[in-house]
Amino acid sequence: MSIVITGATGQLGGLAVRHLLAKKIPANQIVAVVRDLKKAAHLAELGLELRQGDYNDRASLEKAFAGASKILFVPSPDAHDETLRMAQHTNVIQAAKEAGAGHIIYYGYAFGEQSKLPLAVTHVSTEEAIRGAGIPYTFLRNSLYTEVFVSPDAVGAALQFGALVANAADGTVNTATRSDLALAGAAVLTGNGHENKSYNLVSNETWTFGDLAQIISKVAGKDVVYQPVSYEEQKGMLLQAGLPEPVADMIAGIYQGVSEGETSRTSDDLKNLIGTLTPLEETVRQALQG
Ligand code: NAP
């Protein structure tokens, strides 16, 4: 019996593997399900078993999930096509059921029912499908990643122009880092009493883009001010930077969501699972290091 992790070649899944190993779970008890075995040599080197499984191919997932006591299910990144993503998630759930998985731990989206973002619908529907399949579950409902807003590019641009430009108005932000969210996954995989529970993995204290500008100034030693802009201005800048229109719409839409309260809700769930959360200042430092 083993812990199976999907999306293990990705950032969140990869960090979950690291946290499990740090918690002294033997590598040979962890199975990495990956769509391309060639991309997973680094995981084999750590001692993990690799199995091929593609979200588009239910039969491959059934084989990959054989003997799984617990599955950490990282959602598909294909958020540009929510119909495809839901079909992929249905494959994962049916395969887990066929394989007789004992517990499925799904990374969803925090406060999904109240969200106005299109991506939330798939997460809520996936949770419903998992409940419907009758597999014991834990829903780890992730915040947006802090790194979505505090990337090396975003911090670099703020320093270059002396301004952090965003259509976030005075919205408050409840993000957590990928690593903290991955640690929550490892905590649930190695802990007890999490069956059939849902956790909203957001921070217990929020920040604003004004706060972020101040922290960038402090860490980099150079003045940066927050400059709020409109949705149209933000989208125009993203298009000018060469992003395709659907991507520009999605990013400007996320910042707009922040301005409208999308990221304003707090919870102690993440803190209760992992203890101290990574401070925003630390993520800024990491972004500055590239
Ligand atoms: P990531 O680095 O892009 O990882 C995605 C993982 O999914 C990779 O391992 C990828 O495999 C795998 N994958 C993609 N298509 C697959 C398929 N057809 N079959 C099997 N595996 C497939 O994303 P992340 O940063 O770890 O985030 C994890 C997930 O959270 C994303 O997939 C997305 O659903 C969601 N997300 C959340 C936020 C947020 O702010 N909360 C932001 C972005 C994304 P390959 O290595 O082969 O590509």
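None of the figures in this text is laboratory data; all of them are computed from the coordinates on show. Nothing here was measured: the structure is a model prediction, and the numbers come from that model. Positions of Cβ are generated from backbone atoms using ideal geometry, with glycine treated the same way; all protein chains shown enter the neighbour counts.
For a 23 Å ceiling on Cα separation, which of these pairs sit above it: K63/K97; K24/K63; K197/K271; K39/K97; K116/K235? Table pairs above 23 Å Cα-Cα are K24/K63; K39/K97. Whole-Hz Karplus values for region 180-187 come out as 5, 5, 5, 5, 4, x, 5, 5 Hz, taken residue by residue from phi with 6.51 cos²θ - 1.76 cosθ + 1.60 and θ = phi - 60°; glycine and proline positions read x.
Hey, what does the equivalent ellipsoid look like for the chain, semi-axes from the Cα gyration tensor as sqrt of 5 times each eigenvalue, largest first, whole Å?
34, 20, 18
The HN-Hα couplings worked out from phi for region 116-132 by the Karplus form 6.51 cos²θ - 1.76 cosθ + 1.60 (θ = phi - 60°) are 9, 7, x, 5, 5, 4, 4, 5, 5, 5, 5, 4, 4, 5, 5, 4, x Hz, whole numbers, x standing for Gly and Pro. Calculated on the Cα set of region 3-142, radius of gyration then Dmax: 14.3, 42 Å. Here the dipole of region 3-142 is about 420 debye; that uses its Cα centre as origin and unit charges on the Cβ of Lys and Arg (positive) and Asp and Glu (negative). Only helices enter this figure: runs of n ≥ 4 DSSP H residues, each worth -39500 (n - 2.57), summed and divided by the residues of the chain, yield -14000 deg cm²/dmol at 222 nm to the nearest 500.
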